[in-house]
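Working notes for the structure below.
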Amino acid sequence: MNFDKIGLQVPEILLPAKDVDLQKWAVVACDQYTSQPEYWNAVADFVGEAPSTLKVTFPEVYLEDSDGDQRIENINRTMQEYLDEGVLESMPQKGFVLVDRKTSQAPSRKGLVVAIDLEQYDFNKGSQTLIRATEGTIVDRLPPRVKVRQDAAIELPHIMVLIDDPQRTVIEPLFEQNPEKIYDFELMMNSGHIKGYAIDKPELIQQVAKALENLTEPELFKEKYNITDDKHNDVLLYAMGDGNHSLATAKAIWEKIKADANDVNSVMNDKARYALVELVNIHDEGLEFEPIHRLVFEVNSEQLLKDLQAHFGEDCQIHRCNNEAEMKIQANAAKADNTHIVPFIDEQGYGFIQIDKPALTLELATLESFLNDYLDQVGGKVDFIHGEEVINELGGKEGNMGFFFPPISKDTLFKTIIFDGVLPRKTFSMGEADEKRFYLEARKIK
């Protein structure tokens, strides 16, 4: 099996030794609870002196603190100590880890921990690589992450990468093979339960690889996404779910290693070429996409609507409604093929924007094709809001305006990436904060 063809490596995975308290070891992704230091204080109190991924990751709630360099130095030292003292041990054989995660919202979300090839990943706009970003990567956010990773001895992923496997051929059949259970415990902070199984038998590894390879068959790819031109022929197998900037950081470091090498071929087997991630089938019932709405401040909403209508021309209509219930009824009635409907609230009340023959696939992308440049020109700020109740509460205040968006469809995400490229920033969220991936498995990168 040619693993390069599917952008995969069979990694040597590290797990905590048997005497390590796994509930204290596993900590949620560092980019969660960034405005809630009390959460991280509670985690620190719970962990105490025990070995924990809290001590080898950098929660972003602390990024602005003055002790960042010292914290990174402590992280790197502790990583090496965990290796030297046997806190982390290699699995008996190279392989994958099959994951079954119970969250507060779902009884089961299945995944597979693998290593993906950064040579086949490009986060830049217009990328046609096998592995692609789903939203725009903000390059300015990479330096602090690079600083954490560049001297790290190990990586611990909170990255979740999506595959589009409606027939459930890659991950789900592995549970039928009676794999060996390697962990089974309750996660801290009431975040659910997790079980892990070793996928290290050659026949199971080959089964995974073959199923992934089948997803890359060119003719099946074209048929699946109704591709009729040569422009979009390049196969997309993996799309970023969570941890976009973490994977981009790994890519940036790998590119620097190549650039600094006297002979590029001499570093092509470097551990840094790969990154440990969890693959998740986008069609997994335990994976929910939550919409992220937009709340705009410091604008004249009437003028904004006039300018938006002028921008889109005769294909755009603005409808005012008497209340929220009426808006929802009329907006639903107006939905049609090749039409985008964007409900809104401002100080005058509710309404919706109707745009016929949109050039882009998503309602959010259509709105932001106008809104971002508009706010740059006239001023105003935008915030990214998860719940409709916040939009209802704040969108109707003077100088504010809220826009409601539907959840992105699992059936259209990959097609949208193929045809439109990366989505606008903060298009969707994969579940709530406590459903995000917990640090658990590790891999040497030095």
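Bear in mind these aren't lab numbers, they're just calculated from the coordinates by the rules spelled out. Since the model is a prediction, treat every value here as computed from it, not as a measurement. Heads up, the Cβs are rebuilt from the backbone with ideal geometry, glycines too, and the neighbour counts pull from every protein chain shown.
Key figures for this structure:
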item	result
Reachable lysines from LYS222, criterion Cα separation under 16 angstrom, eight or more residues apart if same chain	LYS231, LYS415
Fully extended contour minus Cα-Cα distance, from ASP69 to GLU298, at 0.36 nm per residue	78.7 nm
Cα→Cβ-extended label distance, 7 Å offset, between GLU389 and GLN128, nm	4.8 nm
Helix-only CD estimate at 222 nm, as mean residue ellipticity for the chain, using -39500 (n - 2.57) per DSSP H run (n ≥ 4)	-9000 deg cm²/dmol
The chain: Cα Rg divided by the 2.2 N^0.38 Å rule of thumb	1.04
Semi-axis lengths, Å, region 79-215, gyration tensor of Cα atoms, sqrt of 5 times eigenvalues	25, 23, 17
Subset of LYS125/LYS210; LYS24/LYS251; LYS328/LYS357; LYS125/LYS147; LYS18/LYS102 violating a 27 Å alpha-carbon distance limit	LYS125/LYS210; LYS24/LYS251
GLU180-ARG168 pseudo-label distance in nm [points 7 Å out on the Cα-to-Cβ vector]	2.7 nm
Label-point separation in nm, MET268 to LYS210, each point 7 Å along Cα→Cβ	2.8 nm
Relative counts (whole %) of C-alpha pair distances in region 85-159, using bins that are 5 Å wide	3, 10, 13, 18, 19, 18, 14, 4, 1, 0
Relative contact order %, region 293-404, counting alpha carbon pairs below 8 Å whose residues are six or more apart	43 percent
For ASN233, net neighbour charge (Lys/Arg +1, Asp/Glu -1) across residues whose Cβ lies under 13 Å away	-3
